[in-house]
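Visitor: Got a structure for you, written out below as structure tokens; questions coming shortly.
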Protein chains: 2
Amino acid sequence: MSDFSIRRLDAGTADFSSELDTLLAWESVADTRVEATVADILREVKARGDAAVIEYTNRFDRRELQQAQEFCLQREDLKAALERIPADKRSALEAAAERVRSYHEHQLQASWQYQEADGTVLGQQITAMERVGIYVPGGKASYPSSVLMNAIPARVAGVDEILMVVPAPDNQLSDLVLAAAAIAGVDKVFTIGGAQAVAALAYGTEAVARVDKIVGPGNIFVASAKRAVFGQVAIDMIAGPSEILVICDGETDPDWIAMDLLSQAEHDEQAQSILLSPDAGFLNAVEQSLQKLLADLPREEIASRSLADRGALILVRDIEQAIEVSNRIAPEHLEVSVDTPEQYLPKIRHAGAIFLGRYTAEALGDYCAGPNHVLPTSGTARFSSPLGVYDFQKRSSIIFCSPQGADTLGRVAATLAKGEGLDAHARSAEYRVRETSD
Amino acid sequence: MSDFSIRRLDAGTADFSSELDTLLAWESVADTRVEATVADILREVKARGDAAVIEYTNRFDRRELQQAQEFCLQREDLKAALERIPADKRSALEAAAERVRSYHEHQLQASWQYQEADGTVLGQQITAMERVGIYVPGGKASYPSSVLMNAIPARVAGVDEILMVVPAPDNQLSDLVLAAAAIAGVDKVFTIGGAQAVAALAYGTEAVARVDKIVGPGNIFVASAKRAVFGQVAIDMIAGPSEILVICDGETDPDWIAMDLLSQAEHDEQAQSILLSPDAGFLNAVEQSLQKLLADLPREEIASRSLADRGALILVRDIEQAIEVSNRIAPEHLEVSVDTPEQYLPKIRHAGAIFLGRYTAEALGDYCAGPNHVLPTSGTARFSSPLGVYDFQKRSSIIFCSPQGADTLGRVAATLAKGEGLDAHARSAEYRVRETSD
């Protein structure tokens, strides 16, 4: 059994604010050697296409690919994997997919228009992207739930074609991941990964069609490649380690809360689990539960390192103060384990996902509650949202001026254009003014 | 008078596709020397705050700042500028602001929830960002319309505080820009620019509070700095040169269409103006109009260079083919200058803004029609949208499980968690299962 420790803080002390800064400090490493390697890979794949993808894949994933078609899987291959997996796993994946789909259908946005008194029509047309690419990590971090969460919103949005890349190091591929791709409606899978897969999706190769957006988590090479191709294609946020913040009044079973904290801590040594409670005795009880429950957790070593390095049990004055602290942290996952938790919603300003009440374990949201598990980490909930259907739709403004509308607007536009020294703008507007007035 | 020339293409020829690729080729220059300079500036401002901002500002903008308060303007300063500008400019700015505000109010998104049969509640809460920063270029590219277009959506979204940075090279500042800031509801202006201003907004200094998102155009140093701080804060898309694509059936006055093309071309030598028409005679007429109208345009030199290098008049089979070409280009601005243009909307897949009918000059959209003039360039309309209220709001998922809901979901989650080797996730879900069943 590992040594167990977790930080204890008190929000009422003078140095709490600086202690909290220390607790939250985390910065993604910008590694210039990684960036240089990634720049080489991107350039090679852009210039040489599949040949470069095959070389890098053979080198990094220890494979012996001869030609591109060997890394291409079609819908039939995915369906075959779906037939191979155990029945309970299949029905759980299908149940989860159905709930995720149903929730995300609420996010669909519709085009709109309105007409002004003079006949001018303004609006916004919403359309889906044509083709998107989903990155799925290989090996142990290859999660079927992640395939569902990334692909289903794209499918609901109406994306024409969904491509997925997943590396197969030493030719190992997860049937669960392929089965999830079949269920989620992925069109094609390429068994490639790393910066070379990101490059193939961003620039296109002979075998891989260029996509409009790349989503999904990956290691530092993948993250660095996504950052480099940003602008050429759209990307999702670069994810940091997962975090949970639990606010509890002290009335939930301490074992439940401890296990919720452990479910983050087991992800990764850098994951962060924080509990806020106004009940010091409850914090003690949870601390004891943590120690007890850790002992027979398969991933005990990772979880205890995460709790020791980045965890905290924090005493607060009351639930209101807990929410203030939470808003400052802008957590990825926020559990509000209290009576009538919905009363606090209007005060919660920044959080990726909010889990209300004693029965809403964060883990339910990871798999099957319906909302997406791709959430803003490291305080980025201040400015970003869960992955959603809106990430795969885009908007076009619509302007249709009536002759009268063009007359009115043309005068204003011409005045402003002249103020900015743009004469052709002014004259283009004024042509439409002449028609109906003076 | 400059020599006039513009490319003529025919969409019916065998090599049209590759000619179109050549026409569209444009890539933002990734300059490693610029990146290194920017990295230095970001590091210095992060470490030394205002002192570094002052040093860079004095060096690059030829100023003699002694302390940070000299680069800070308050609401009173903005209101004073508003009083100083000519009455016609003021009323044009106010009219434009009112229309932009009214249009953007249609973009406000509302929180939503729904309850399932077993009592579980799912939803999404929408909140505004707390503080955003707007970058406004200095000197000749300092456009008051751009202040309105960037600040008003943030104000409509409910952002608490809007900061603006605008450099004042040689102590020159535009009253029109400050007046637009007053009208748009900007809270504070800092007369700084370049990478040092982006750094101040992203990291915060003694005088400049850290923001959640940075929007607005800038030179290569600004674009490079925005790319580098992406993730620390949100940023908008990195803009390329402006473009217009006009589809015309040949029945609009060729002078009107020519002036619409010139209104893009006068922006910048790299701007792109393309006309598609099935009427070869009309293409000839527009070519003659361009030559004639160019002659007395103050920005003749820029516009003729833009037309020669990047412009094109393209013969198409019919309007349907024109729309196919347009979808491939995914233009920033698309004018559909035909009868009953609204019939083509369902076929238009990718465009930043769509201007329908003969009276809707693109210039009206630049200033006062209502929709935003910050639009996706260089084909990025394939995956991005006009700047809007949605860029300053973000979402939090809401999950509130009933005991029965937690029981149902807990079983599915536990099965999937075990499949992924995450035991604490499974046990956290199973605690909530025990309560109500077996």
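The values are calculated or read from the model by the stated rules, or taken from the named source; none is laboratory data. All figures in this text were calculated on a predicted structure; none of them were measured in a lab. Note: ideal-geometry Cβ built from the backbone for every residue, glycine included; neighbour counts use all protein chains shown. We work out accessible area using only protein heavy atoms, side chains counted, and drop any ligands, DNA or RNA first. Shrake-Rupley method; radii C 1.70, N 1.55, O 1.52, S 1.80 Å.
Visitor: Under 5 Å between amide H atoms, partner at least 5 residues away or on a different chain: which partners does residue A:243 have, H built in plane at 1.01 Å?
Guide: Excluding prolines and chain starts, which carry no amide H, the hits are A:272, A:332, A:333.
Visitor: What are the aspartates and glutamates whose alpha-carbon lies under 16 Å from the alpha-carbon of residue B:79, with same-chain residues fewer than 8 places away excluded?
Guide: B:94, B:175, B:187
Visitor: On to the next question. Based on the alpha-carbon set only, what is the convex hull volume of chain B divided per residue, in Å³?
Guide: Considering the Cα atoms of chain B, their hull volume per residue is 208 Å³.
Visitor: Ok, one more. Once you place label points 7 Å from the Cα toward the Cβ at residue B:84 and residue A:31, how far apart are they in nm?
Guide: My value for the distance between the label points is 5.3 nm.
Visitor: Next question, about the same structure. Out of the range A:1-70, which GluC sites (Glu not before Pro) are coil in DSSP terms and have no more than 15 other C-beta atoms within 10 Å?
Guide: Sparse-neighbourhood loop GluC sites (Glu not before Pro): A:27, A:64.
Visitor: List, in order, the whole-Hz ³J(HN,Hα) value for each residue of the range B:206-217 obtained from phi through the Karplus relation with A = 6.51, B = -1.76, C = 1.60 and θ = phi - 60°; use x for Gly and Pro.
Guide: Once θ is set to phi - 60°, the couplings for the range B:206-217 become 4, 8, 10, 6, 4, 9, 9, 8, 10, 10, x, x Hz.
Visitor: Of A:226/B:226; A:89/A:140; A:46/A:394; A:347/B:226, which ones are farther than 19 Å apart at the Cα?
Guide: Pairs exceeding the cut-off: A:46/A:394; A:347/B:226.
Visitor: Tell me: how much accessible area in total is hidden between B and A, 1.4 Å probe, Å², nearest 100?
Guide: Interface between B and A: roughly 11000 Å².
Visitor: Along the charge dipole of chain A, Cβ charges K/R +1 and D/E -1, which of A:373, A:166, A:393 sits furthest on the positive end?
Guide: Result: A:393, furthest along the dipole toward the positive end.
Visitor: Report the relative contact order of chain A, percent, no decimals, based on alpha-carbon pairs under 8 angstrom and at least 6 residues apart.
Guide: RCO, chain A: 20 percent.
Visitor: I'd like the orientation of helix B:87-105 relative to chain B: the angle between its Cα long axis and the longest Cα principal axis, in ° from 0 to 90, rounded to 10.
Guide: Approximately 40 degrees, to the nearest ten.
Visitor: Here's another thing I want to ask about it. With each run of n ≥ 4 DSSP H residues scored as -39500 (n - 2.57), what mean residue ellipticity at 222 nm is computed for chain B after dividing by its residue count and rounding to the nearest 500 deg cm²/dmol?
Guide: Mean residue ellipticity, 222 nm, calculated: -14000 deg cm²/dmol.
Visitor: List the relative contact order of the range A:32-235 as a percent without decimals, with contacts defined as Cα pairs under 8 Å and 6+ residues apart.
Guide: 29
Visitor: Let me ask something else. So for the range B:121-237, considering every pair of alpha-carbon atoms, how many percent are separated by more than 24 Å?
Guide: 20
Visitor: Give the separation of the Cα centroids, the range B:216-263 to the range A:272-295, in Å.
Guide: 54
Visitor: Which residues among the range B:10-42 fall inside the zone where the amide N is under 13 Å from a point 7 Å beyond the Cα of residue B:280, along Cα→Cβ?
Guide: Residues B:10-13 fall inside that zone.
Visitor: Based on alpha-carbon centroids, what's the gap between the range B:162-180 and the range A:70-141 in Å, whole number please?
Guide: Using only Cα atoms, the two centres lie 44 Å from each other.
Visitor: Can you give me the angle between helix B:300-310 and the longest principal axis of chain B, using Cα atoms only, in degrees from 0 to 90, rounded to the nearest 10?
Guide: 70
Visitor: Sort B:176, A:387 by accessible area with a 1.4 Å probe, largest first.
Guide: B:176, A:387
Visitor: Another question about this same structure. With axes computed from alpha carbons, what is the tilt in degrees of helix B:144-157 against the longest principal axis of chain B, rounded to the nearest 10 within 0 to 90?
Guide: Long axis of B:144-157 versus the principal axis of chain B: about 20 degrees.
Visitor: Now for a separate question. If each label sits 7 angstrom from Cα along the C-beta direction, how far apart, in nm, is residue B:69 from its counterparts in the other copies?
Guide: 7.6
Visitor: Rounded if a/c is under 1.5, else prolate if a/b is larger than b/c, else oblate: which is the protein assembly as shown, with a ≥ b ≥ c the root eigenvalues of its Cα gyration tensor?
Guide: Prolate, because a/c is 1.5 or more and a/b exceeds b/c.
Visitor: How much space per residue, in cubic angstrom, does the convex hull of the C-alpha atoms of the range B:44-193 take up?
Guide: 134
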